[in-house]
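Everything on this sheet refers to the single structure shown next.
The values are calculated or read from the model by the stated rules, or taken from the named source; none is laboratory data. Predicted model, so just to flag it, every value in this text is computed and none were measured. Cβ placement follows ideal geometry from the backbone for every residue including glycine, while neighbour counts extend to all protein chains displayed. SASA here: full protein model, heavy atoms, side chains in, ligands and nucleic acids out. Shrake-Rupley method; radii C 1.70, N 1.55, O 1.52, S 1.80 Å.
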Amino acid sequence: VLSLTMTAQESFKEYSLGGISVVTEPGKSQGDVYIDLNASGELGLSLNRNKRNEFLTFLRESHNQIVEWSNIATANNVLEAKKDVTTTSLGGYFRYGGWNFGISKLTSKFVVQEGKTRGYVYIHKMTSSSNQYIKSDSDLFYLTEELVMELEEYLSDESIDGFVHSETKSDDLFKN
């Protein structure tokens, strides 16, 4: 299960999907998104507009390929199979002592076990950009149509821009 929770800070505002954090303060990082990839909130992605769209494309294309291979596996009575679909690398963060940042490698995978198909995204161990000996744990989440559609809706440019605009408009009402 992909958990989307994160504690808000001053320049971050919680978004309506259970804790996607969005930078709302004006500046270069306005509209950047932080998404937790596990339930503990200690492993996640840091995405600007371009990387957010790259992440959504990765999820959609991975899911479409998994659906296609699932149909092939079912039609041919395949009982066991494992295959990587695709891989991407995005900016990420993790907590090990303190907060660390690095490059998060994600690999989508297709699996058939006992004739049942499923897809998931494997999050590889991430190495801290400030210390090569500090690494995150790996993790995974199942890739479903519902998850992809929900993320496409909540992470679309229109949704994020609308959220940032509504938050900054509200903040402007109460300036000193």
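Taking a straight line from the alpha carbon of K135, these aspartates and glutamates sit under 20 Å away, with near neighbours fewer than eight places off in the same chain left out: D36, E42. Three semi-axes describe the equivalent ellipsoid of region 42-95; taken as square roots of 5 times the Cα gyration tensor eigenvalues and ordered largest first, they are 30, 13, 7 Å.
Order the peptides 39-47, 93-101, 127-135, 71-79 from the highest to the lowest mean number of other Cβ atoms within 10 Å of their residues. Write out the running numbers ahead of the final one.
Working: 39-47: 18.8, 93-101: 14.9, 127-135: 13.2, 71-79: 11.4.
Top of the packing list down: 39-47, 93-101, 127-135, 71-79.
Taking a ≥ b ≥ c as the square roots of the eigenvalues of the Cα gyration tensor, region 69-176 is oblate, since a/c reaches 1.5 or more and a/b is not larger than b/c. At a probe radius of 1.4 angstrom, the accessible area of region 31-77 per residue rounds to 46 square angstrom. In whole percent, how big is the carbon plus sulfur part of the accessible area of region 113-163, probe 1.4 Å, protein atoms only? The nonpolar share, carbon plus sulfur, comes to 44 percent. Accessible area per residue for region 116-156, computed on protein heavy atoms with a 1.4 Å probe, is 59 Å². Return the aspartates and glutamates within reach of K82: Cα separation strictly under 15 angstrom, same-chain partners fewer than 8 residues apart disregarded; answer none if there are no such residues. Hits, sequence-local ones excluded: E68, E114. With a threshold of 23 Å on the Cα-Cα distance, the over-threshold entries among K51/K109; K51/K116; K83/K116; K28/K125; K51/K105; K28/K51 are K51/K116; K28/K125.
In region 23-107, what percent of the accessible surface is made up of carbon and sulfur (1.4 Å probe, ligands and nucleic acids excluded)? List each step's numbers first, then the result.
On the way: 2160 of 4470 Å².
So the carbon and sulfur contribution to the accessible surface is 48 percent.
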